[in-house]
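A short write-up of the structure that comes next.
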Amino acid sequence: MAEETVTINTLIKKVQSYSRDFDVEVLKKAYFFSREAHCSQTRIEGSPYINHPLAVADILSDMKMDISGIAAGLLHDTIEDTGTSVKDIKDIFGDEISFLVGSLTKLSRLEFMTKEEAQAENFRKMLLAMSEDIRVIIIKFADRLHNMRTLQYLPDNKRQRIATETLEIYAPIANRLGVGWLRIEFEDLSFKYLMPDLYDELVKKVTKRKEEQEGYLEEIKGIIESKLKEEGLHGKVTGRIKHNYGIYQKMQRQRITFDEIHDVMGLRIITDTNANCYTIMGLIHSLWTPIPGRFKDYIAMSKSNMYQSLHTTVVGPKGERVEFQIRTEEMHRIAEEGIAAHWRYKEKESIEDKDSRYIAWLRDLIHSQKDLRDAREFLEAVKGEVVPEVVYVFTPKGEIKELPVGSTPIDFAYSIHTQIGHKCIGAKINGRIVPLRYQLRNGDTIEIITSSAHGPSRDWLKFVVSQRAKSRIKQWIKTEERKQSIELGTRLLDTEMKKHHLKVSGLKAGEMQAIAKAFSMQLWDDLLMSVGYGKISPHQVVNRLLPEKPHEEVAHKTAKPHKEQKGISIKGIDRILYNTAKCCFPLPGDSLIGFVTRGKGVTIHRKDCPNLERLALDDARLVDVDWASSDESTSTARLIIEAVDKPGVLANLSSAISAMEINITQMEATTTQDGKARIVFNIDVKDRGQIASLMQKIAQADGVIRVRR
Ligand code: MN
């Protein structure tokens, strides 16, 4: 490979080719310093270690990195692996280079408990370093790229780890920073090592496709070229092939086979002006029929990594689909080099203006995540944040906001202020009230309706998409759950203590402390919370209070039916602490019973749920519950319908349900062995009354034999 032939002389020549007035001596000095420092080390395949920093510097020169960046590339492993200190580097090379080398070293020095933690923390530091000086991340990327290119020398387990990390973290950031070629190389190399069989198979298929289509595309290229000439338009037509991992992802995402992917190969036209991009597209559409819905204008609406291009797919001369990408040279450069294309043409303060969109993303991410303690949660957040497309919407005052595609009014509310998010109860889009799960469209003007009496709902997590909203809601729920668990824990414990004529409020601070400690908890509240969550039973706690009764456990097993257990009502406990059972789908109006699960709060069942018989064996964990009043929201319910299997039955049933303005969330129809149709609907209903009248209506419908919940 090319990197094996890199020497300090070839490196200097390359750097001189794009930057004439630089100090050759600094590079030479950095090279000799690094070679000296690494002199006793070899790479795993046996070559002198200096080949690695040289290769990294060479990659950086491909990206036309400035001289300090390249010197830092040569020195990047000296502190980590040898006896060198940051001060040594500073004394010889000055502040700028020593800052870069120091930041790179800090990144690789962190030690952690678990791999996930290491990965997440490493990443967080990387983002922080990057927001200070973007060169740090570029050098880190070059380092990782060379390691990926030489991955075959490493043992299998290391290979897997590094390739996974590259695919999950490095590639998305490269994408986000717009460095297209780097993202592609990261993805394809990771893919090759993580799924070698699939990779080989795909490469074979792509080669075959190329052989089949090359002539055909050549023909189309000829037609376009002569047409461009005829019209006097400047345009360079080239063929392009989708990268392997891109193909694999598309197959996965759309659940299609390789044969169903039509844009493995395509054509790209690079022209001179924006206006000509549109002119050329018009030309193509006049030659062949465009496929509806496949035209994308990323010039008017660039992707958040600043990618710009026109995309269109047409039906070619032989009925084959052909995808075109049309862009200017400048757009092409940005698509390939992203952030790297910017710093090159500017002075030091470059990080501001044009780069600021990349950097703003970064700062926002770091800022919104600073409260997340759990490293794994942070990593998830970051992975989730790498979304390529955005929608632009407006505040009522006409201020523009950029949000990920799929964002809802809630995402918007949190993007304005955490408190506005928490208190959001509704939204008006362009003056019209919409549901909270409405997906924002480009150009929407959004007005958020708030109420100070409200808080977020766990349900929101099912549809919000921005990381900011997700983390804020989770945080709120965590705090609220704690509060409510303590409350519920106190009530459960009080009930249990009453059997022994004791009261929680009668306990002394010392006693509380001692009991908490006995359960390895720091605080009494932590213990109450565990009781509320069902992780510790109130009975276990009382046992600690009554050490003189060792047979309590046995007595407990013959406990009385739950009805005699005095009314613990979880009325008023908010939705977030309980979940409704998936076996009986209880609705407001049904009589209920709660079951304190281990670790998941209270599960609410219908009193006539057949599963309760089994659960009731442990009746200390049953609690009386009732519906909180005036709950405006809907719940999921299930209807099971047996009907004669004939045409139109299904349509009749669906329209009967819709006529009552009931939303169908899921539907499944099967034919039974005796030739009847069995249809199961999942629907959103308000309460027992509503489903009862629906069932009545359905029972009378033509062809229906039986209906039940
Ligand atoms: Mn290295």
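Residues of the stretch 223-237 that are touching a residue at least 12 places away in the same chain (Cβ under 8 Å), loosely packed, with under 14 Cβ neighbours inside 10 Å and out of contact with any helix residue (DSSP H, G or I) (no Cβ under 8 Å at 6 or more places or on another chain): 236 alone. With the requirement that a residue be surrounded by fewer than 19 Cβ atoms within 10 Å (Cβ to Cβ) and part of a helix (DSSP H, G or I), what does the stretch 462-473 give you? The answer is 462, and nothing else. Here residue 56 passes the criteria (1) modelled with pLDDT of 95 or more; (2) farther than 22 Å from residue 106 by Cα; (3) of a type outside the set (Gly, Ala, Ser) except the one numbered (2).
Of all residue pairs spaced 6 or more apart or on separate chains, those with beta-carbon atoms under 8 Å, a first member in the stretch 42-59 that is under 15 Å from residue 8 (Cβ atoms) and a second member that is acidic (Asp, Glu) and within 12 Å of the ligand (Cβ to nearest atom) are 49/77; 49/81; 52/77; 53/77; 56/143. Taken together, the residues in the stretch 31-59 that are acidic (Asp, Glu) and either in contact with a strand residue (DSSP E or B) (Cβ under 7 Å, 6 or more places away or on another chain) or closer than 19 Å to residue 71 by Cβ (or both) amount to 2. Selection of first residues in the stretch 667-678 that are touching a residue at least 24 places away in the same chain (Cβ under 8 Å) and of a type in the set (S, T, N, Q) and of second residues that are surrounded by 10 or more Cβ atoms within 10 Å (Cβ to Cβ) and not in a strand (DSSP E or B), restricted to Cβ pairs under 7 Å at least 6 apart or on distinct chains, gives the following pairs, ordered by first then second residue: 671/645.
Inspect the stretch 69-80 for any residue being surrounded by 15 or more Cβ atoms within 10 Å (Cβ to Cβ) and either touching a strand residue (DSSP E or B) at 6+ places or on another chain (Cβ under 8 Å) or more than 24 Å from residue 132 (Cα to Cα) (or both) and give the result as yes or no. Checked the stretch 69-80: no residue is surrounded by 15 or more Cβ atoms within 10 Å (Cβ to Cβ) and either touching a strand residue (DSSP E or B) at 6+ places or on another chain (Cβ under 8 Å) or more than 24 Å from residue 132 (Cα to Cα) (or both). Screening 173, 184 for residues that are under 29 Å from the mean Cα position of the chain (by Cα), modelled with pLDDT under 90 and of a type in the set (A, V, I, L, M, F, W, C) leaves exactly one candidate, 173. There is no residue in the stretch 646-662 that is in a strand (DSSP E or B) and modelled with pLDDT under 85. Applying the criterion of being exposed (fewer than 14 other Cβ atoms within 10 Å of the Cβ) and either among the aliphatic types (A, V, I, L, M) or closer than 22 Å to residue 699 by Cα (or both) to the residues of the stretch 604-627, the residue that is modelled with the highest pLDDT is 608.
Candidates in the stretch 187-204 are the residues that are among the acidic types (Asp, Glu) and surrounded by 14 or more Cβ atoms within 10 Å (Cβ to Cβ); of these, the one that is nearest to the chain's Cα centre (by Cα) is 187.
Going through the stretch 437-467 one residue at a time, which ones are within 21 Å of the chain's Cα centre (by Cα) and closer than 20 Å to residue 396 by Cβ? Break it down stepwise before answering.
Initial filter on the stretch 437-467 (within 21 Å of the chain's Cα centre (by Cα)): 437-441, 456-467.
Scanning the stretch 437-467 gives 438, 439, 440, 441, 466.
Residues in the stretch 442-453 that are farther than 16 Å from residue 301 by Cβ and exposed (fewer than 12 other Cβ atoms within 10 Å of the Cβ): 451, 452, 453. Residues that are away from the ligand (no atom under 16 Å from the Cβ), closer than 23 Å to residue 81 by Cα and part of a helix (DSSP H, G or I) within the stretch 12-59 comprise 26, 27, 28, 29, 32, 36, listed in sequence order. The condition of being free of Cβ contacts under 8 Å to residues at least 60 places away in the same chain, over 26 Å from residue 303 (Cα atoms), among the polar types (S, T, N, Q) and not in a strand (DSSP E or B) holds for only one of 419, 439, that being 419. Scanning the stretch 65-86 for residues that are in a helix (DSSP H, G or I), at pLDDT 90 or above and either within 14 Å of the ligand (Cβ to nearest atom) or over 29 Å from residue 337 (Cβ atoms) (or both) yields 72, 73, 74, 75, 78. The helices (runs of 4 or more DSSP H) falling completely within the stretch 141-241 that include 1 or more residues that are charged (D, E, K, R) and within 16 Å of the ligand (Cβ to nearest atom) map to 156-165.
Checked against the criterion of being free of Cβ contacts under 8 Å to residues at least 12 places away in the same chain, more than 39 Å from the chain's Cα centre (by Cα) and part of a helix (DSSP H, G or I), the stretch 278-297 contains one or more residues that satisfy it.
The values are calculated or read from the model by the stated rules, or taken from the named source; none is laboratory data. Since the model is a prediction, treat every value here as computed from it, not as a measurement. Heads up, the Cβs are rebuilt from the backbone with ideal geometry, glycines too, and the neighbour counts pull from every protein chain shown.
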